[in-house]
1. Using only Cα atoms, tell me the angle between helix 52-63 and the longest principal axis of the chain; keep it within 0 to 90° and round to the nearest 10.
2. At 0.36 nm per residue, minus the direct Cα-Cα distance, what do Arg57 and Thr84 gain on full extension? Give it in nm, one decimal, please.
3. Using a simple spin-label model with points 7 Å from Cα along the Cα→Cβ vector, what separation in nm is obtained for Ser11 and Ser28?
4. Evaluate the distance, in nm, between pseudo-label points positioned 7 Å from the Cα of Asp18 and of Ala76 along their respective Cα→Cβ axes.
5. Select from Gly33, Ala54, Asn87 the residue farthest towards the positive end of the dipole of the chain; place +1 on Cβ of Lys and Arg, -1 on Cβ of Asp and Glu, and compute about the Cα centre.
Amino acid sequence: MSHPSRLTTVSTLDQLKDRILEALPGCSVQVSGGGGHFTIAVESDEFEGKNTLARQRLVYRAIKELMAGDDAPVHAVDSLTTTTPSNTP
């Protein structure tokens, strides 16, 4: 059976971005990559006061369905950057 995300014409990049925006309203998201490997950068006020692990968990929780199963469209997140507006590099 195909992964649920493969039943739509929306690209994996768009799906990743949409899921993150849904979980962290008002955030800024940049997603790039392909072939199952992606780079994600998220800036959100929601990260304020949270350590790196807690920030990453929020993002991974948002995209977990896209990473589940043998035919998941997301095989790996090669780079995940999580910042707040006050600590943007």
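We did not get these values from a lab; they are worked out from the coordinates using the rules stated. Just so it is clear, the model here is predicted, and its values are computed rather than measured. Methodologically, a virtual Cβ is constructed for each residue, glycine included, from the backbone with ideal geometry; neighbour enumeration extends over all protein chains shown.
1. Here the helix axis deviates by roughly 30 degrees.
2. Working: separation 27, 0.36 × 27 = 9.72 nm, distance 1.51 nm.
The Arg57-Thr84 span can extend by a further 8.2 nm.
3. 2.1
4. 2.7
5. Among Gly33, Ala54, Asn87, the one farthest towards the positive end of the dipole of the chain is Ala54.
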